[in-house]
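Student: The structure follows.
The values are calculated or read from the model by the stated rules, or taken from the named source; none is laboratory data. Because the structure is predicted, anything quoted here is derived from the model rather than measured. Heads up, the Cβs are rebuilt from the backbone with ideal geometry, glycines too, and the neighbour counts pull from every protein chain shown.
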Amino acid sequence: MKKKLISRIIFLFFCSSIIFATQYEVVNKKNIPSSSCSNRSIIKGKDMVQYEGWIYYSNQEKGGGIYRQSIDGLCLEKLNDAKSDYINIVGNSIYFRQVREHAVCKMSLDGSKISIIKKSAPIRMLDVINKSIIYSDGENIYCIQDGVGEKTMLDVDCPIIDFSISNNGLLYSYVEKLDGKESVRQKLVLR
């Protein structure tokens, strides 16, 4: 079982490296800055992130706690017990969503210190750019800057189903109802 998990992680890491390398070349050719997040998400929803020789991931099979494993596979550590996702690493901190508590949390890289930044209505998506925490409750997109001041970044009358953010803009997907039909649309808001 352990060997299968390690093999899957290595395979996902290899695939993401290829995808990242391809995306990186395109980004540089267009001269568009990428997200300031110091990690690269391996899986949509950020259940797995590679950072400085470690793979941080949410293990849904074992209750959803955050683990980290060295890239060589020799060291495995459990960092927390809470069902977690949307893992972001900025500086020396892991930002994530604690699913059951509907909370945005911050934790040290070794799991020794954890704090709740925001506990509110269901938080459905989370991203961190620089030290700004961007999250959505499915109706609006909010920003918490430096862990204190919160403001509404985007208020729409349609359900938000996904978003991506960079230094230059916010791209979000939403469900639009026209003539009784639902369709998914995207909109780019430049910052």
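Here's the yes/no breakdown for (1) assigned to a strand (DSSP E or B); (2) over 18 Å from the mean Cα position of the chain (by Cα); (3) modelled with pLDDT of 90 or more:
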{"residue": "Ala21", "(1), (2), (3)": "no, yes, no"}
{"residue": "Ser38", "(1), (2), (3)": "no, no, no"}
{"residue": "Lys44", "(1), (2), (3)": "no, no, no"}
{"residue": "Ile89", "(1), (2), (3)": "yes, no, yes"}
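Student: Considering Asp157, Asp146, Asp110, Asp137, which residue is at pLDDT 90 or above, over 12 Å from the mean Cα position of the chain (by Cα) and acidic (Asp, Glu)? Working first, answer last.
Tutor: On the way: Asp157 fails: at pLDDT 90 or above; Asp146 fails: at pLDDT 90 or above; Asp137 fails: at pLDDT 90 or above.
Exactly one of Asp157, Asp146, Asp110, Asp137 is at pLDDT 90 or above, over 12 Å from the mean Cα position of the chain (by Cα) and acidic (Asp, Glu), namely Asp110.
Residues checked against (1) under 20 Å from Arg191 (Cα atoms); (2) touching a strand residue (DSSP E or B) at 6+ places or on another chain (Cβ under 8 Å); (3) not in a loop (DSSP other than H, G, I, E, B):
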| site | (1), (2), (3) |
| --- | --- |
| Tyr67 | no, yes, yes |
| Asn80 | no, yes, no |
| Phe96 | no, yes, yes |
| Ser112 | no, no, no |
| Ile123 | no, yes, no |
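Student: Still on this structure, I have one more. Step by step: first the residues of region 147-163, then only those that are over 12 Å from Lys118 (Cα atoms) and charged (D, E, K, R), then the one that is surrounded by the most Cβ atoms within 10 Å (Cβ to Cβ). Which residue is that?
Tutor: Taking region 147-163 first, the residues over 12 Å from Lys118 (Cα atoms) are 151-163.
Next, only the ones that are charged (D, E, K, R) stay: 151, 155, 157, 162.
Numbers: Lys151: 8, Asp155: 9, Asp157: 8, Asp162: 15.
Top of the filtered list is Asp162.
Student: Also, I was wondering about something else. Can you find, within region 69-78, the residue that is nearest to Asp162 (Cα to Cα) among those that are out of contact with any Cys (no Cβ under 9 Å at 6 or more places or on another chain) and not in a loop (DSSP other than H, G, I, E, B)?
Tutor: Of the residues in region 69-78, the ones out of contact with any Cys (no Cβ under 9 Å at 6 or more places or on another chain) are 70-78.
Checking the rest, the ones that are also not in a loop (DSSP other than H, G, I, E, B) come to 70, 76-78.
Details: Ser70: 30, Leu76: 31, Glu77: 30, Lys78: 29 Å.
So the residue we want is Lys78.
Student: How many residues are part of a loop (DSSP other than H, G, I, E, B), at pLDDT 90 or above and not small (Gly, Ala, Ser) if we restrict to region 46-65?
Tutor: 1
Student: Could you run through region 136-185 and say how many residues are farther than 24 Å from Cys105 by Cβ, without any contact (Cβ under 8 Å) to a residue 12 or more places away in the chain and in a strand (DSSP E or B)?
Tutor: Looking only at that region, the number is 4.
Student: In region 54-67, what count of residues is obtained for those that are in contact (Cβ under 8 Å) with a residue 24 or more places away in the chain and closer than 14 Å to Tyr95 by Cα?
Tutor: 4
Student: For the list (1) free of Cβ contacts under 8 Å to residues at least 24 places away in the same chain; (2) of a type in the set (Gly, Ala, Ser); (3) buried (at least 18 other Cβ atoms within 10 Å of the Cβ), I need the number of the one condition that Ser112 fails.
Tutor: (3)
Student: Identify all residues within region 42-97 that are hydrophobic (A, V, I, L, M, F, W, C) and under 15 Å from Ile114 (Cα atoms); write none if there are none. Don't jump to the end; show me each part of the working.
Tutor: Of all residues in region 42-97, those hydrophobic (A, V, I, L, M, F, W, C) come to 42-43, 48-49, 54-55, 66, 71, 74-76, 79, 82, 87, 89-90, 94, 96.
Of everything in region 42-97, those that are hydrophobic (A, V, I, L, M, F, W, C) and under 15 Å from Ile114 (Cα atoms) turn out to be Ile66, Leu79, Ala82, Ile87, Ile89, Val90, Ile94, Phe96.
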